[in-house]
Amino acid sequence: MWKTAKKVLPPINAREKSEEKLEEIFDLSAEQIAEYREAFSVYQDSTDSTGTVTVDRLGKVLESVGEKCTNDELTDLLERADLRMCEKIDFREFLTMMQKRKEETDASDVISEAFMLFDTNGDGYLGAEELRHVMTCLGEQLTDEDVENMVRLADMDGDGKINFAEFATMMSSDQ
């Protein structure tokens, strides 16, 4: 008799199983998912039982997990996660958004590390000689003209050297 009654209820450890599935779907750790779930639940819309957070409260959710972002950054993040037209988002959509943010942060970290590696004299700029040295280490034999063209292509402010923002733009572009 109790077996029949228990069939109606989800397994006791359903949330744990659900969390494991979320880890498989999203490139987030169990700890991150648990932290996000806790923050998300604090700001859930209390007017309905759908388990959603209104977009206007999303900034507070992000702030509570240590992710500060401006309204413009939040709008961009929602757009990149294909959620720009939503008034409310559910937890899975939130995780999609957080995964996008993590991917961008990871990519930014890689670009930052590469810049520091390329900037052999530590002055915060890449000159033609540093660029030539790095490219040679990577197996590329470039002429002076090739190196000058690389610098010219990246050097948006025309100062003859590449700063971090210019480097990041070039590394993120399709060129």
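The values are calculated or read from the model by the stated rules, or taken from the named source; none is laboratory data. Note that the structure is a prediction, hence the values are computed from the model and not measured. Glycine gets a Cβ as well: all are built from the backbone with ideal geometry, and neighbour counts include every protein chain shown.
Key figures
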quantity	calculated
Residue that is closer than 27 Å to Glu24 by Cα and either part of a strand (DSSP E or B) or modelled with pLDDT under 90 (or both), where the choices are Met98, Met135	Met98
Residue ID - farthest from Leu28 (Cα to Cα), chosen from residues in the range 78-95 that are assigned to a helix (DSSP H, G or I) and out of contact with any helix residue (DSSP H, G or I) (no Cβ under 6 Å at 6 or more places or on another chain)	Glu79
Filtered residue count, the range 47-67, keeping only those that are out of contact with any Asp or Glu (no Cβ under 9 Å at 6 or more places or on another chain), surrounded by 15 or more Cβ atoms within 10 Å (Cβ to Cβ) and in a helix (DSSP H, G or I)	3
Residue match in the range 68-88 (condition: touching a residue at least 40 places away in the same chain (Cβ under 8 Å), assigned by TED's automatic domain parsing to the domain that holds Asp56 and surrounded by fewer than 17 Cβ atoms within 10 Å (Cβ to Cβ))	no
Any hit, the range 101-117, residues being at pLDDT 85 or above, more than 30 Å from Asp159 (Cβ to Cβ), of a type in the set (D, E, K, R) and within 18 Å of the chain's Cα centre (by Cα)	no
Residues of the range 18-46 that turn out to be more than 16 Å from Asp90 (Cα to Cα) and surrounded by 11 or more Cβ atoms within 10 Å (Cβ to Cβ), as a count	6
Pick from the range 129-164, criterion closer than 15 Å to Asp119 by Cβ and basic (Lys, Arg), ranking: surrounded by the most Cβ atoms within 10 Å (Cβ to Cβ)	Arg132
Filtered residue count, the range 151-175, keeping only those that are under 20 Å from Val110 (Cα atoms) and either of a type in the set (A, V, I, L, M) or not in a helix (DSSP H, G or I) (or both)	10
